[in-house]
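Some notes on the structure that comes next.
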Amino acid sequence: ITNGLLGLGKVFGQDELVRKLLGCLNDEWEPKVTAIKESKDLKTMEIEELFGSLMTHEVKLNKKSANLVETKPQEERRKDIALKSTHKEEMTSEEELEEED
């Protein structure tokens, strides 16, 4: 988006770019965005520093999701419950008619 606007003549300052990049991230990134906003001075933050921080967070998210995928089948096996089945004898059509009457 910013590259397209640059082509139209709109020039962004470093702090504007950082704010726009943080603003376009989805809800999954909200904790990280909040942490960056509270701990860093966005006016002096370089885009490279922001990308490094976001890439580190992404690697951690990917590792976490990979671990969840690997452990999920084991958890599902633990939750299996064996139920005792009961078998009803089939009724003949005569018995069914008698029951209906």
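Of note:
- Accessible surface of segment 10-70, 1.4 Å probe: 55 percent of it comes from carbon and sulfur atoms.
- Over 18 Å between alpha carbons, listed pairs K10/K32; K20/K43; K40/K60: K10/K32; K40/K60
- Spin-label model distance (nm) - V11 vs D41, 7 Å beyond Cα toward Cβ: 2.3
The values are calculated or read from the model by the stated rules, or taken from the named source; none is laboratory data. Predicted model, so just to flag it, every value in this text is computed and none were measured. A quick note on method: Cβ atoms are made from the backbone with ideal geometry, for glycine too, and the neighbour counts reach across all protein chains shown. All accessible areas refer to the heavy atoms of the entire protein, side chains included, with ligands and DNA or RNA removed. Shrake-Rupley method; radii C 1.70, N 1.55, O 1.52, S 1.80 Å.
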